[in-house]
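The values are calculated or read from the model by the stated rules, or taken from the named source; none is laboratory data. Just so we're clear, the structure is a prediction, and the values are computed from it rather than from any experiment. Note that we place each Cβ from the backbone using ideal geometry, even for glycine, and neighbour counts take in every protein chain shown. These area figures cover heavy atoms from the full protein model, side chains too; ligands, DNA and RNA do not enter into them. Shrake-Rupley method; radii C 1.70, N 1.55, O 1.52, S 1.80 Å.
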Amino acid sequence: MQGEGLRNETRELMLSPQIQIDSKHQFPTLATDTTKANKSIRLSYGLGWGLYWTNHGRAFFKEGHDEGWRNYTVCFDTSKLGIVIMTNSSNGEGIFKELLETLLRNTFTPIEWEGYTPYSQLPARKPLKERKEIVVDSKLLDRYVGRFGELPNLILTIKRAGDHLSIQENDEPKQDLFAESETRFFSKLNDDELTFQLDNQGRATMMVLHVDGKDIPIKRID
């Protein structure tokens, strides 16, 4: 924002319109619908940044998202104010509009073009899948205790918590797991499932995460 490490000419080139944006929505990228709704704010792309103009001056922004996280950054060049929003939820974009309007008094963000549906307009969350919890002998649970993943970036730690298991990803808060069978476990907070694979000695050598229709194998570390 301060332009440190950049020549003034370089910074100005980055934050100058290179491509006018007249698409109705940012995604899908192959959509051909156009609109004049954002002409008044001169929505455009600079070099590496999105741009628009407001009563607060020129704004430059960047967003990012993937499964399980949503981020957004916008800075106002004249006032030197900005906000960085980082969420670890696929529904995180639902709060962006309220944060921008409440904290920055910014009502100019092209929310519809971004595809950020306000949380108050999001559909109701589907009820979790009904499951039947069973009791598994503690000796059987103990064979799953250990660490799974790929050092040093991903470590999933399995512990026994009384009559059930818990899982912790790196330094994140742990989450309880409950048995649906002797090898299949589930969370009561979401629809994620986890299956352990055993060797001939009955020791868990791998876990398979079942998330959003995907089966993700993760090897035991120790």
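Overview of values
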item	result
Residues of the stretch 176-222 satisfying the condition of being free of Cβ contacts under 8 Å to residues at least 40 places away in the same chain, within 16 Å of residue 165 (Cα to Cα) and open to solvent by less than 70 Å² (accessible area, probe 1.4 Å)	176, 177, 183, 185, 187, 192, 193, 194, 195, 208, 209
Any hit, the stretch 23-32, residues being in contact with a Leu (Cβ under 7 Å, 6 or more places away or on another chain) and either more than 21 Å from residue 87 (Cα to Cα) or loosely packed, with under 11 Cβ neighbours inside 10 Å (or both)	no
Single residue of 150, 130 found to be without any contact (Cβ under 8 Å) to a residue 60 or more places away in the chain, of a type in the set (Asp, Glu) and surrounded by fewer than 12 Cβ atoms within 10 Å (Cβ to Cβ)	130
Condition check for residue 126: over 21 Å from residue 213 (Cα atoms) and within 22 Å of the chain's Cα centre (by Cα)	no
Any hit, the stretch 73-90, residues being within 30 Å of residue 183 (Cα to Cα) and aliphatic (A, V, I, L, M)	no
Leading residue by the ranking (nearest to residue 129 (Cα to Cα)) among those in the stretch 168-195 that are part of a loop (DSSP other than H, G, I, E, B) and of a type in the set (Gly, Ala, Ser)	187
Every residue from the stretch 65-83 that is among the hydrophobic types (A, V, I, L, M, F, W, C) and either open to solvent by 90 Å² or more (accessible area, probe 1.4 Å) or in a loop (DSSP other than H, G, I, E, B) (or both)	69, 81
Some residue of the stretch 4-21 being within 16 Å of residue 96 (Cβ to Cβ) and either not hydroxyl-bearing (Ser, Thr, Tyr) or not in a helix (DSSP H, G or I) (or both)	no
Residue count for the stretch 118-167, restricted to those that are farther than 15 Å from residue 206 by Cβ and part of a loop (DSSP other than H, G, I, E, B)	22
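Conditions tested, residue by residue: (1) touching a helix residue (DSSP H, G or I) at 6+ places or on another chain (Cβ under 9 Å); (2) under 24 Å from residue 68 (Cα atoms).
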| site | (1), (2) |
| --- | --- |
| 109 | yes, yes |
| 136 | no, no |
| 143 | no, no |
| 153 | no, yes |
| 172 | no, yes |
| 189 | no, yes |
| 204 | no, no |
